[in-house]
Every structure is written in structure tokens, then in C-alpha cells.
Ligand code: T46
């Protein structure tokens with residue numbers, strides 16, 4: 001699997017800028033939930049889990065943060081610094097977020113409502129599920 005960054009086209013006019021995100025266009029799944037992360041304390045690492053089925057798109061509206069993505073075969077890091085791009089977080093991708101700037105506002109669009117049973121919060125369990133899928 002490769003990790004995908006979606007580029008958004010800002011609409012500019014005399015007032016400033018606007019980016020529209022539409023289901024089926026910039027967002028490749030039905031949007032059932034929106035949440036945003038802000039005020040993350042210095043040095044904090046968030047995430048540290050994978051989702052079983054949930055699809056998400058993360059957009060850094062202001063400031064910056066780093067995503068570390070691992071699907072069991074490939075590990076990549078993405079520094080999100082622009083509100084014109086969205087990082088897709090697909091199912092079965094272990095992800096961690098760190099280096100949040102003080103002004104970071106991270107918007108996340110999700111394909112389903114909050115469900116704790118969709119989370120895989122143990123790295124050992126994640127590794128063993130990936131192994132089972134590959135063998
Ligand atoms: C993810 C990354 C990118 C809710 O009550 N409803 C919600 O919709 C969410 C997302 C969280 N919560 C509660 C659960 C925890 O008590 O808010 C608290 C913080 O959640 P969590 O520690 O899971 O936050 P992060 O930043 O580690 O992870 C979040 C999302 O939970 C996760 O799905 O992929 O952002």
C-alpha cells in the first residue's frame with residue numbers, strides 16, 4: 001500500500017481564499033463524522049493505533065504536525081504544513097502524530113461515527129493481524 005496525499009484547489013477572489021471538500025470528489029468516502037484536534041501539549045505523541053475499517057482524511061488547517069504511517073510493509077513520515085493538502089488514513093495503517101506546533105489545528109473527516117471497537121491500540125495485535133493477512 002502507498003500512502004496518499006490529496007491536493008485541494010483553493011478558490012481565490014478579492015475576499016481571500018476558500019477550499020471546498022465534497023464527498024466523492026476531494027473526499028473519497030461518505031463523511032459521517034468531523035473532528036478537530038488542537039491545543040496539543042508540547043512533546044505529546046497522539047494516535048498510536050490503527051483502525052479496522054474506518055477511512056479518514058486529515059488536514060492541517062493551521063500550524064503543522066508530523067504523521068508517521070506504517071501499514072506493516074511500508075513506513076513513511078509526512079510533515080503536514082499546508083491546508084491545501086489532506087493525508088488519507090486508510091484502514092489497517094498504524095499511525096502516530098507528533099511535533100504539533102502550538103497553533104496546530106488538525107481537521108479529520110471520517111467515514112463513520114466514533115466506535116472504540118474499531119481501534120487497534122496494541123502494536124503487537126496490529127503486527128499479528130498484518131502477519132495473518134499476509135500468510
Ligand atoms: C485518529 C487520529 C488521527 C471521542 O469521544 N469521539 C471522537 O470522535 C474521537 C476521535 C475521540 N473521542 C474521544 C476518545 C478519547 O477519550 O476523545 C479522546 C481523545 O481521543 P484519542 O486519544 O483517540 O485521540 P488521538 O489524537 O490519539 O486520535 C485521534 C482519533 O481518535 C483517531 O481515530 O485516527 O486522531
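Computed from the coordinates by the stated procedures, all read-outs in this text should not be read as laboratory data. Not measured: the values here are computed from a predicted model. Ideal geometry is used to build each Cβ from the backbone, glycine not excepted, and the neighbour counts take in all protein chains shown.
For the range 1-27, the candidate set comprises residues that are surrounded by 14 or more Cβ atoms within 10 Å (Cβ to Cβ) and more than 16 Å from the ligand (Cβ to nearest atom); within that set, the residue that is farthest from residue 75 (Cα to Cα) is 19.
When residue 50 is tested against (1) within 30 Å of residue 17 (Cβ to Cβ); (2) within 9 Å of the ligand (Cβ to nearest atom); (3) within 11 Å of the chain's Cα centre (by Cα), exactly one condition is not met: (1).
Inspection of the range 103-116 finds a residue satisfying the criterion of being away from the ligand (no atom under 15 Å from the Cβ) and over 13 Å from the mean Cα position of the chain (by Cα).
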